[in-house]
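The values are calculated or read from the model by the stated rules, or taken from the named source; none is laboratory data. Here the structure is a predicted model, which means the values were calculated and not measured. Here the Cβ positions follow ideal geometry from the backbone for every residue, glycine too, while neighbour counts run over all protein chains shown. The accessibility values were calculated without ligands, DNA or RNA, using every heavy atom of the protein model including side chains. Shrake-Rupley method; radii C 1.70, N 1.55, O 1.52, S 1.80 Å.
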Amino acid sequence: MLVIGSAQAVKIVISIVRMKIIAVLVGPAGIGLLGIYNSLQSTVGAVAGLGLGNSGVRDIASNRNDVAVLARVRTVLFAANLVQGAIAMVLVWLFRVQLAEWLFGDTERATETGLVGVAILLSLILASQTALLQGLRRIGDLGRVTVLGALGGTVAGLAAVWLQGEAGLIWFLLVQPLASVIVATVITRKLPRPDAGRLAASEVFATWKPMAALGAVFMLSGLASAGTLLLARSLIARDLGIEAAGLFSASWGVAMIYVGFLLGAMGADFYPRLTEVIRDRDASTQLMNDQAQLGLAIGGPVLLGLIGVAPWFMAVLYSREFVPAADMLQWQVLGNVFKLASWPMGFAFVAAARSRIFLMTQLTWNAVFLGLLWVGIPLLGVEAAGIAFLIAYVILFALQHVLTRRLFGFRWEALSLSLIGVHAALAALILALSALSPMLAAGASIVLAVTTGVIGLRIVVMKIGPHGRLSIRLHGLFAKLNWPIRSIE
């Protein structure tokens with residue numbers, strides 16, 4: 001978690017810098033346009049990938065000690081994503097005019113829309129490479145792909161936007177996955193080469209079919225999420241204008257960036273580990289509680305701090321033109337408390353191959369969010385997106401809790417419930433206070449973020465135990481503060 005977390009932290013810094021530069025260069029309209037390109041890539045990519053990147057992790061992790069099966073899975077995974085990505089690229093190009101008309105209301109950007117297909121192909125190739133590294137638990141290599149790919153893609157992409165302005169946004173989109181593919185190719189070539197031999201068509205199909213069956217659930221879930229985001233951006237752009245879509249993209253990006261970093265850091269190792277113990281109710285319950293506690297202990301303080309300083313944060317991160325997105329961001333941050341809490345439960349369905357249940361829960365979130373957004377935009381404007389985000393995650397959290405309890409005997413530990421309740425209550429308090437006095441809310445959020453951060457650090461150290469120099473020093477520090485830690489072994 002620390003390795004991937006460090007890599008994701010560097011990626012976040014890179015993302016912040018590039019979004020700041022892009023915001024200054026092209027403004028809210030450019031951010032909105034880039035967001036629509038990204039959503040199109042995610043939506044079509046979800047369909048084309050058939051979820052093989054996710055199901056491939058499970059198959060690789062389960063067969064990592066069987067050289068023959070591992071070689072076959074690795075070969076089929078890469079070949080399938082290559083073929084599926086190529087088909088998607090061709091189809092996007094062929095229907096570029098119709099897609100541009102639907103997304104923007106005209107055909108002015110038809111060529112750029114068609115080029116999104118190239119990014120889809122590259123992203124699927126990358127998914128095969130990262131699935132291999134994650135399934136083999138080569139966490140260091142996965143971190144290198146994350147950092148070096150983001151750095152190379154950012155430098156090249158920003159150069160394109162600098163030289164071409166808004167027209168360079170499509171090239172910015174293309175070089176992001178291209179840079180990561182180049183780095184991942186260099187790293188994966190150093191792994192033992194698969195010796196699957198010549199695979200008969202029946203062997204290829206026998207390997208691909210179960211991956212696609214489980215992956216289809218990931219695909220449908222990803223399609224629902226990406227499609228919902230694409231519809232939301234299109235709805236906002238059509239009803240409120242492309243600048244409002246830019247505000248939504250900016251808020252969404254900030255709300256997702258830190259939580260995405262944290263969940264990515266935890267998920268790289270948590271998913272394979274949970275797959276191994278999912279049939280052991282006690283072990284899986286403990287693991288899910290641990291992940292929820294770590295997520296809230298590390299992420300909760302940052303969320304509390306972000307709510308109060310949201311207006312200033314948007315101005316610094318983007319520009320003053322994006323300050324109106326702060327209200328929406330505050331609601332989304334409160335929703336992220338429930339996202340952090342529900343995330344470990346969602347992985348239980350995947351680890352146990354309960355694909356239909358996993359899909360049903362994800363579709364519930366998307367349906368609630370999109371329905372509330374459709375109703376709320378005429379009444380509340382773009383802020384409706386933040387409120388819909390919060391309500392959708394509260395419903396998802398309750399639904400997943402009921403299902404994991406019935407299917408896996410999952411129970412929340414007292415510490416987990418305390419962390420969920422405290423962070424949700426404090427976040428709601430700061431949100432209410434910000435409506436009365438933004439300055440007072442900012443001060444309160446900083447104080448609460450520091451306070452809960454110290455408590456969260458103690459929880460993390462307690463979970464780690466006195467192992468390693470840093471952990472031992474922190475144990476000693478808390479002991480000197482007359483707050484000794486009883487480590488959980």
Give just the number: which of (1) open to solvent by less than 50 Å² (accessible area, probe 1.4 Å); (2) under 16 Å from Met345 (Cα atoms) does Phe369 not satisfy?
-> (2)
Checklist (1) open to solvent by 30 Å² or more (accessible area, probe 1.4 Å); (2) at pLDDT below 85; (3) under 23 Å from the mean Cα position of the chain (by Cα) applied to Leu126, failing item = (2)
What's the number of the condition Ala245 fails, among (1) modelled with pLDDT of 70 or more; (2) open to solvent by less than 20 Å² (accessible area, probe 1.4 Å); (3) within 15 Å of the chain's Cα centre (by Cα)?
-> (3)
For region 399-423, enumerate the residues that are free of Cβ contacts under 8 Å to residues at least 24 places away in the same chain and either open to solvent by 50 Å² or more (accessible area, probe 1.4 Å) or touching a Phe, Trp or Tyr at 6+ places or on another chain (Cβ under 7 Å) (or both).
-> Val402, Arg405, Arg406, Ala414, Leu417, Ser418
Out of (1) at pLDDT 90 or above; (2) within 18 Å of Met288 (Cβ to Cβ), the one Gly346 does not meet is (1)
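For region 302-325, indicate whether the set of residues that are open to solvent by less than 30 Å² (accessible area, probe 1.4 Å), hydrophobic (A, V, I, L, M, F, W, C) and without any contact (Cβ under 8 Å) to a residue 24 or more places away in the chain is non-empty.
Yes, there is a match, as at least one residue in region 302-325 is open to solvent by less than 30 Å² (accessible area, probe 1.4 Å), hydrophobic (A, V, I, L, M, F, W, C) and without any contact (Cβ under 8 Å) to a residue 24 or more places away in the chain.
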Residue within region 186-203 that is under 24 Å from Gly117 (Cβ atoms), open to solvent by 30 Å² or more (accessible area, probe 1.4 Å), in a helix (DSSP H, G or I) and at pLDDT 85 or above present = no
State which residue is nearest to Phe358 (Cα to Cα) when the search covers only region 326-345 and only residues that are open to solvent by 10 Å² or more (accessible area, probe 1.4 Å) and of a type in the set (A, V, I, L, M, F, W, C).
-> Trp343
Within region 285-293, can one find any residue that is within 21 Å of Lys20 (Cβ to Cβ), among the aliphatic types (A, V, I, L, M) and modelled with pLDDT under 90?
-> no
If you go through Ile430, Ile472, Ile464, the only one that is surrounded by 13 or more Cβ atoms within 10 Å (Cβ to Cβ) and at pLDDT 85 or above is Ile430
Examine region 351-365 for a residue that is open to solvent by 40 Å² or more (accessible area, probe 1.4 Å), in contact with a Gly (Cβ under 9 Å, 6 or more places away or on another chain), in a helix (DSSP H, G or I) and not β-branched (Val, Ile, Thr), and state whether such a residue exists.
-> no
Limited to region 280-301, what total is found for residues that are among the small types (Gly, Ala, Ser) and open to solvent by 30 Å² or more (accessible area, probe 1.4 Å)?
-> 1
Residue check, Val116 against (1) in contact with a Leu (Cβ under 9 Å, 6 or more places away or on another chain); (2) buried (at least 23 other Cβ atoms within 10 Å of the Cβ); (3) more than 25 Å from Ile16 (Cβ to Cβ); (4) of a type outside the set (Phe, Trp, Tyr), all met but one. Which one?
-> (3)
Complete set of residues in region 70-111 that are β-branched (Val, Ile, Thr) and open to solvent by 30 Å² or more (accessible area, probe 1.4 Å) | Thr75, Val83, Ile87, Val90, Val97, Thr107, Thr111
